[in-house]
Structure formats: structure tokens, C-alpha cells
1. When ranked by the protection proxy of mean other Cβ atoms within 10 Å per residue, highest first, what sequence do the peptides 34-40, 132-138 form?
2. For the range 79-137, with all protein chains present and a 1.4 Å probe, just round the carbon and sulfur fraction of the accessible area to a whole percent.
3. Output wanted: per-residue J couplings in Hz (rounded whole) for the range 31-37, from phi through Karplus 6.51 cos²θ - 1.76 cosθ + 1.60, θ = phi - 60°, x for Gly and Pro.
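The values are calculated or read from the model by the stated rules, or taken from the named source; none is laboratory data. As the structure is a computational prediction, the values presented were derived from the model and not from experiment. Here the Cβ positions follow ideal geometry from the backbone for every residue, glycine too, while neighbour counts run over all protein chains shown. Each accessible area value is taken on the protein alone, full model and side chains, heavy atoms only, with ligands, DNA and RNA left out. Shrake-Rupley method; radii C 1.70, N 1.55, O 1.52, S 1.80 Å.
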Amino acid sequence: FTFSAEPFRVQWLGMRIAAALRGTGVVWLAFLTSLAIFYRVLARPFYASLEHVGHDFALSATGLLEGRFWLQSNGLIAGLFNPPWFTPAWCAGAAFFTDPQAGYYSPVQWLALVLDPFQAIEVGTLFFAALAFWGGYLAARRLLNWQAPAALVFAILGMAHAFMPLRSAVGESG
């Protein structure tokens, strides 16, 4: 009979890794790393130049600019509670607020107040990718009761899908 400490060492190492993953440092490191990779691989190629802007962005950019001009001319509070009902920028006066594609009350519109529409879509894509990561991680941990490593993989896969960059590649926003 020979005694081996190898199974105990592997179990101890697994417990140490699980304890380290319980801390938020590893989760934040995984989040920042995967967000940087997401931006470099998926998001940045679509926003690097105006050559990759899709045909639908003519509608989205006009809507973002319309919301920006409305809020700048009417003030933040008055513009917030009194949305623009139509816009003369489209077809000599088309409906704006009642259009389902108008994202007047969206994070991208609020970003378009301080950024140009292209940058607002780019930062909005990163915002929604971060939201997908944290939503996936917290749902896996708290609702599904998964262990931290599995929850991290779930969160990274949730963030790494290319829905937002591919959608905004044709010019859709929000």
C-alpha cells in the first residue's frame, strides 16, 4: 500500500481557485479583459472608419441628431418631458416620437448629447456588452446558482456575441 498526496493536492488547489474566484478581483479582471478583447476584435473593426457604416444609419444618425437638437433648443427638463412629435428633417415633416425606430429615450440618445452619433453608437455598443456581461454573471450566480467559473464563462459568452456590432454595422442603433 502506497500513500499518495496527489488527490489531496488537487482538491486543495481546486478549493483555492474557487476561493479566489469568489472574490470580485478575478471577476473584474475577467470583465475588463473580455471587454477589451470584445472591443478590439468585434466592435472596433466596424467603427474604425466611415466605410463600414451601413445604409440604415442615415435614419439612425438623423434621429440621434434630431433628439440632440431638440434637447439643446428646448432645455433638458422641457425636452425630456415634451418629446419631439415630428421632425422636418425627414420627408418634409415625418413623425418622430411615434416612430418605433426613434430611440429618443435610449442610452445611445443620451450619449449623442455629448458625442457625435458614430461615437455614441460605439460607446453604446460597449455599454450593452458590459450590461450583457454583468447581467449574465449575476443571473448565473444568483438565479441559476452556478459556481463562479461557470458563471464567468456564461458571462463572457453573453458579452462576446456579435449581435450589437453586426446590427450597428448595417446602421441600426439602440
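1. Taking the mean over residues of other Cβ atoms within 10 Å, the ranking is 132-138, 34-40.
2. Carbon and sulfur together cover 72 percent of it.
3. Values per residue, Gly and Pro as x: 5, 5, 5, 5, 5, 5, 5 Hz.
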